[in-house]
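Below you'll find the structure, written out as structure tokens, and then a few comments.
The values are calculated or read from the model by the stated rules, or taken from the named source; none is laboratory data. As the structure is a computational prediction, the values presented were derived from the model and not from experiment. Backbone-built Cβ (ideal geometry, glycine too); neighbour counts: all protein chains shown. SASA here: full protein model, heavy atoms, side chains in, ligands and nucleic acids out. Shrake-Rupley method; radii C 1.70, N 1.55, O 1.52, S 1.80 Å.
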Amino acid sequence: MTKKLLTIATVTVTAASLTLNTGCMKKETENPFLSDYATEYQIPPFEQIKAEHYMPAFEEGIKQHNAEIEAIISNPEAPTFDNTILALDQSGELLGKVSYVFFALTESDNDDDLTAISEKAYPLLSEHSDMILMNDSLFQRVKALYDNRESLGLNTAQMRLLEQNYKNFVRAGALLPPAEKDELMKINQELSATYLKFSQNILAETNAWEMVVDDEAKLAGLPASSVAVAAEEAANRGMEGKWVFTLHAPSRLPLLTYADNRDLRETMYKGYTSLASNDNEYNNSANINKILKLRSKKAKMLGFDSFAAYQTDNVMAKTVDAAESLLMKIWAPAVKKANEEIRDMQAYADAHNMNITVEPWDYYYLAEKVKKDKFNFSEDEVRPYFQVDSVKKGAFLVANKLYGITLTEMPDAPKYNDEVTVYNVTDENGEHVAVFMSDYFPRGGKRQGAWMSEFKGSSNVNGVVERPIIYNVGNFTKPTKEMPSLLTLDEVETLFHEFGHGLHGMLTRATYAGQACTNVDRDFVELPSQINEHWAMDPQVLKMYAHHYQTGEVIPDYLIEKMEAAGKFNQGFITTELAAAALLDLEWHKLNPTEDIDVKEFEQTVAAKLGKPREIEYRYRSPYFKHIFGSDGYSAGYYTYLWAQVLDCDGYELFEQKGIFDPETAKSFKENVLEMGGSDDPMTLYVKFRGQEPNPDALLRFRGLK
């Protein structure tokens, strides 16, 4: 998962205190961003928002934000928490309002107009962020409070918000002399523009790539649903009677897993793994090198040995060594298991006279064959029970049983695309908690992957309560005219994963906007999402939602037993590709390059150093590793998925001991993790929930590696 952090001036800005007056509605202004939304729960009126509205709203938002900052600075009173830290937390309302919508749509519903606006908006926002964080007068007010913080009588959340703000300023260069501040601003603007180009290249080449099949015999082995989707894709492209496969996961993964035709698998595999690294205008090698050099320079200016050191300093891990230490504890048993799996696949290929040596494009295919051979189980048997609406209903039912919330569809609510579904989220008393939106299928303007973010943040200051608008985006198997969307097991877990992020956003009760779920330490933020995955495949939960899309039959026990037996199969591969990508990320960001680096050669060097099996590719190769080169988000931080899995596996063991719907355990998780956001130290929150610090062995047990 990847979720988007909306951070302006490193302090999250939210659409706080927008009041809906239904009794005397204001006349709609020309630009919908510049007046209160006349919609229920302040949902953006997407149908009214046009491309020409964004830049004026950005410019006015920056103007208003600057005025708010100037008011803080010019306040003649001595700095206090309220007149400085709280005022900062509540500033930037309009800028946040337009940014939420703009960033959401450039990721999930992009077009040429938004792309053109991005090229203007990103540098403008980067400059604005720097102007605030490098404002010495503002920083001195924050520093005065920070230096005397122990005498201010602050509660835990207030103290943490003060400390977070001070650290944000320092990490952004507030202590640098003026000339170096100017230089750092230029670096940040260059990085912002390069991130945008990196991401645009991935999207453009993903959309440009296609594999056309004109002989149905070549599709042997593929599920009927995949063949139908490919036929519909071909028809949409004016190639009636043929089949078109794309690099989007719902098209790519079934082909790699089931296609008997090895040439098709090889073409697909090489198409994906060479994404944005071909000899054309979309090659990201130059962007990667530019990003690495700029990040290294930035880290050095701020007093860190490397960008990896700069990034890990600000999260639970604290050091690169701590992050690598965790990964290496997982790496060795994962590779050992992966090599066992590869031997099993080669033995299967030999026994069936395939006359091949296992290659990376054979991995998914042979793994599926071995799984069926060992466990008499194929995903094709169970996919009819995982129609997307049923799975979504399952996630909602779990949330209801654990946390008492109910999601009710709002069919007339505004939406940014017809494929979006909007829900009102209420608690056990029927009170409004949040708005939730789901957007699950691939399309041309949507980047790959799955993520969660928000259109409106939350806060609860001085009795003014703002509840959030949260959304999940995915790229799941599309429905066709003849068949609904039937999810793979991986897609089922991804839906539960992103809904776990959604719960973190919907249920937050953090007082301050800057401590909502989008401002939680990167290596803690994956805990709510990953722990939520555990319920997806629990037998008790499967009986609640896994119903055959044609007959309505509940998934039978024998299929659940097969799924459980095969549940830890192929964990060597899954863990190795994930850990390899995390280690590659850290290796990139430990560098301080002055010359260009050959991207592919560096990847191969790291692979050799680690002893990565030849048959397993990094989960993401660098040219399309958007987590780490498309923004600062997960750079030197991709390891956090495994770090958080230590937490989620250890935490879920408590649910298993007490009962997966134990009210007391669910209440503790809700109150100490989901509702608290970033208002306390993450390990403190975890121990309050779990009663102990996490045990890494829980992860190894869960993955069958110990």
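I'm told Phe81 meets every condition in (1) open to solvent by 40 Å² or more (accessible area, probe 1.4 Å); (2) in contact (Cβ under 8 Å) with a residue 24 or more places away in the chain; (3) more than 19 Å from Asp130 (Cα to Cα) except one. Can you identify the failing condition by its number?
With respect to (1) open to solvent by 40 Å² or more (accessible area, probe 1.4 Å); (2) in contact (Cβ under 8 Å) with a residue 24 or more places away in the chain; (3) more than 19 Å from Asp130 (Cα to Cα), Phe81 is out only on (1).
What's the number of the only condition in (1) within 23 Å of Ser485 (Cβ to Cβ); (2) small (Gly, Ala, Ser); (3) out of contact with any strand residue (DSSP E or B) (no Cβ under 6 Å at 6 or more places or on another chain) that Ala367 fails to meet?
(1)
Return the residues of the range 522-581 that are acidic (Asp, Glu) and surrounded by fewer than 16 Cβ atoms within 10 Å (Cβ to Cβ); say none if nothing qualifies.
Glu553, Asp557, Glu561, Glu564, listed by residue number.
Counting only residues that are open to solvent by 40 Å² or more (accessible area, probe 1.4 Å) and not small (Gly, Ala, Ser), which one in the range 110-121 is farthest from Asp439 (Cα to Cα)?
Restricting to residues being open to solvent by 40 Å² or more (accessible area, probe 1.4 Å) and not small (Gly, Ala, Ser), the top hit is Lys120.
Do any helices (runs of 4 or more DSSP H) lying entirely in the range 236-351 carry at least 3 residues that are small (Gly, Ala, Ser), and which ones are they?
Of the helices (runs of 4 or more DSSP H) lying wholly inside the range 236-351, those with at least 3 residues that are small (Gly, Ala, Ser) span 285-301, 320-351.
Return yes or no: is Ala230 more than 31 Å from the chain's Cα centre (by Cα), on the phi < 0 side of the Ramachandran plot and among the small types (Gly, Ala, Ser)?
no
Of the residues Val464, Val420, which is of a type in the set (A, V, I, L, M, F, W, C), modelled with pLDDT of 95 or more and out of contact with any Cys (no Cβ under 6 Å at 6 or more places or on another chain)?
Of the residues listed, the single one that is of a type in the set (A, V, I, L, M, F, W, C), modelled with pLDDT of 95 or more and out of contact with any Cys (no Cβ under 6 Å at 6 or more places or on another chain) is Val420.
For every residue, the table says whether it meets (1) under 28 Å from Leu294 (Cα atoms); (2) of a type in the set (Asp, Glu); (3) touching a strand residue (DSSP E or B) at 6+ places or on another chain (Cβ under 9 Å); (4) open to solvent by 20 Å² or more (accessible area, probe 1.4 Å).
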site: Leu125; (1), (2), (3), (4): yes, no, yes, no
site: Asn135; (1), (2), (3), (4): yes, no, no, yes
site: Lys143; (1), (2), (3), (4): yes, no, no, yes
site: Asn148; (1), (2), (3), (4): no, no, no, yes
site: Gln158; (1), (2), (3), (4): no, no, no, yes
site: Leu162; (1), (2), (3), (4): no, no, no, no
site: Asn165; (1), (2), (3), (4): yes, no, yes, no
site: Ala174; (1), (2), (3), (4): yes, no, no, no
site: Leu184; (1), (2), (3), (4): yes, no, no, no
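Of the conditions (1) hydrophobic (A, V, I, L, M, F, W, C); (2) within 21 Å of Gly704 (Cα to Cα); (3) at pLDDT 95 or above, Val599 satisfies every one except a single condition; which number is it?
If we test Val599 against (1) hydrophobic (A, V, I, L, M, F, W, C); (2) within 21 Å of Gly704 (Cα to Cα); (3) at pLDDT 95 or above, just (2) comes out false.
Can you find a residue in the range 302-323 that is in contact with a Leu (Cβ under 6 Å, 6 or more places away or on another chain) and either open to solvent by 30 Å² or more (accessible area, probe 1.4 Å) or among the charged types (D, E, K, R) (or both)?
No, every residue in the range 302-323 fails to be in contact with a Leu (Cβ under 6 Å, 6 or more places away or on another chain) and either open to solvent by 30 Å² or more (accessible area, probe 1.4 Å) or among the charged types (D, E, K, R) (or both).
Any residue in the range 613-623 that is touching a residue at least 40 places away in the same chain (Cβ under 8 Å) and farther than 25 Å from Asn570 by Cα?
yes
With respect to Pro79, determine if the residue is at pLDDT below 95 and either in contact with a Ser or Thr (Cβ under 9 Å, 6 or more places away or on another chain) or not aliphatic (A, V, I, L, M) (or both).
Answer is no for this residue.
Filter the range 505-521 down to the residues that are buried (at least 22 other Cβ atoms within 10 Å of the Cβ) and of a type outside the set (Val, Ile, Thr) and list them by number.
Gly505, Met506, Leu507, Ala510, Tyr512, Ala513, Gly514, Gln515, Ala516, Cys517, Asn519
Across the range 681-695, what is the number of residues that are assigned to a loop (DSSP other than H, G, I, E, B) and surrounded by fewer than 19 Cβ atoms within 10 Å (Cβ to Cβ)?
So the count comes out to 5.
Hey, could you check the range 336-358 for residues that are open to solvent by 20 Å² or more (accessible area, probe 1.4 Å) and under 33 Å from the mean Cα position of the chain (by Cα) and say which is farthest from Ala579 (Cα to Cα)?
Glu340
Without any contact (Cβ under 8 Å) to a residue 12 or more places away in the chain, more than 29 Å from Ile628 (Cα to Cα) and not aromatic (Phe, Trp, Tyr): which single residue out of Ala322, Ala347 fits that description?
Ala347
With the range 583-679 as the region, which helices (runs of 4 or more DSSP H) entirely inside it contain at least 1 residues that are over 30 Å from Asn400 (Cα atoms) and of a type outside the set (Val, Ile, Thr)?
Once the helices (runs of 4 or more DSSP H) in the range 583-679 are filtered for at least 1 residues that are over 30 Å from Asn400 (Cα atoms) and of a type outside the set (Val, Ile, Thr), what remains is 599-610, 626-629.
Just give me the residues in the range 268-287 being farther than 15 Å from Leu255 by Cβ and open to solvent by 20 Å² or more (accessible area, probe 1.4 Å), in sequence order.
Within the range 268-287, Ser274, Ser277, Asn278, Asp279, Asn280, Glu281, Tyr282, Asn283, Ser285, Ala286, Asn287 meet the criteria.
Can you tell me which residue within the range 217-226, out of those that are among the aliphatic types (A, V, I, L, M) and surrounded by 18 or more Cβ atoms within 10 Å (Cβ to Cβ), is farthest from the chain's Cα centre (by Cα)?
Leu219
Checking the structure you have, find out if any residue of the range 396-411 is part of a loop (DSSP other than H, G, I, E, B), small (Gly, Ala, Ser) and at pLDDT 95 or above.
Yes, there is a match, as at least one residue in the range 396-411 is part of a loop (DSSP other than H, G, I, E, B), small (Gly, Ala, Ser) and at pLDDT 95 or above.
Gly241 - would you say it is small (Gly, Ala, Ser) and surrounded by fewer than 16 Cβ atoms within 10 Å (Cβ to Cβ)?
Spelling it out, Gly241 is indeed small (Gly, Ala, Ser) and surrounded by fewer than 16 Cβ atoms within 10 Å (Cβ to Cβ).
Table: residues versus (1) surrounded by 17 or more Cβ atoms within 10 Å (Cβ to Cβ); (2) in contact (Cβ under 8 Å) with a residue 40 or more places away in the chain.
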| site | (1), (2) |
| --- | --- |
| Asp373 | no, no |
| Ser378 | yes, no |
| Arg383 | yes, yes |
| Asp418 | no, no |
| Phe436 | yes, yes |
| Arg447 | yes, yes |
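All but one of (1) open to solvent by 10 Å² or more (accessible area, probe 1.4 Å); (2) farther than 30 Å from Arg701 by Cβ; (3) not in a strand (DSSP E or B) hold for Val465; state the number of the condition that does not hold.
(3)
If you take the residues in the range 492-520 that are of a type in the set (D, E, K, R) and assigned to a helix (DSSP H, G or I), which one is nearest to Leu685 (Cα to Cα)?
Glu498
Please specify each residue of the range 43-72 satisfying the condition of being of a type in the set (A, V, I, L, M) and over 17 Å from Met134 (Cα atoms).
Hits for the range 43-72 are Ile43, Ile49, Ala51, Met55, Ala57.
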